[in-house]
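Taken together, the values in this text are just the output of simple stated rules run on the coordinates, not laboratory data. No experiment lies behind these values; they were computed from the predicted model shown. As a convention, Cβ positions derive from the backbone with ideal geometry for all residues, glycine included, and neighbour counts pool all protein chains shown.
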Amino acid sequence: AWVMLVGFPEDLKNGSIIAKAVSGFGILVYWHETKNLARVVAKVYLNDDAKIPDSVKINAGLPQKGRSWTLPCFVLKKKMYLHLEMKKAL
């Protein structure tokens, strides 16, 4: 699936933090590095039966002394491989 995280803090845009943000529903494959400050677009392999949430939480700093944000998460493209496999079986 391709997802878009809106309002991602510019100083936290790196692969490890983006991977942690999407870890609740999948594994980060790729994120599109761009100069656009408004969003992060990422390709994610979804976990089994995972539902992409409406928002994700990111953290910076040490627990209880750091900052955290909740960012809206939008699905840009999601392929349904199960349906393709079912068509092939027929």
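What are the residues whose amide H is under 5 Å from the amide H of Cys73, where those residues sit 5 or more places off or on another chain and H is modelled from the backbone?
Ser55, Val56
Sequence gap of 8 or more, or different chains, plus Cα separation below 17 Å: how many lysine pairs satisfy both in the chain?
Eligible lysine pairs with Cα atoms under 17 Å apart amount to 16.
If you build a Gaussian network model of the chain, linking Cα atoms that sit under 10 Å apart, which residue out of Lys78, Lys65, Lys35 swings the most?
It is Lys65.
Along the stretch 29-39, what does the Karplus equation 6.51 cos²θ - 1.76 cosθ + 1.60 (θ = phi - 60°) give for ³J(HN,Hα), rounded to whole Hz, x for Gly and Pro?
Along the stretch 29-39, the couplings run 9, 7, 10, 7, 6, 8, 7, 5, 8, 8, 7 Hz.
Rounded if a/c is under 1.5, else prolate if a/b is larger than b/c, else oblate: which is the stretch 29-75, with a ≥ b ≥ c the root eigenvalues of its Cα gyration tensor? Intermediate results must be reported in sequence, preceding the final value.
Working: a/c = 1.98, a/b = 1.25, b/c = 1.58.
It comes out oblate by the Cα gyration axes.
Under a Cβ-only charge scheme (Lys and Arg +1, Asp and Glu -1), can you give me the dipole magnitude of the chain about the Cα centre, in debye to the nearest 20?
Numbers: 14 positive and 7 negative charges, 26 e Å.
Computed about the Cα centre, the dipole is about 120 debye.
Put +1 on the Cβ of every Lys and Arg and -1 on every Asp and Glu Cβ in the chain; which of Pro63, Val6, Phe25 then has its Cα farthest towards the positive end of the dipole?
Farthest towards the positive pole: Val6.
Can you tell me which of Leu62, Leu28, Leu12 moves the most in a GNM of the chain? Springs connect C-alpha atoms under 10 Å apart.
Leu62
Could you check which residue among Lys20, Lys77, Lys43 shows the biggest mean-square fluctuation in a GNM of the chain with a 10 Å Cα cutoff?
Maximum among the listed residues: Lys77.
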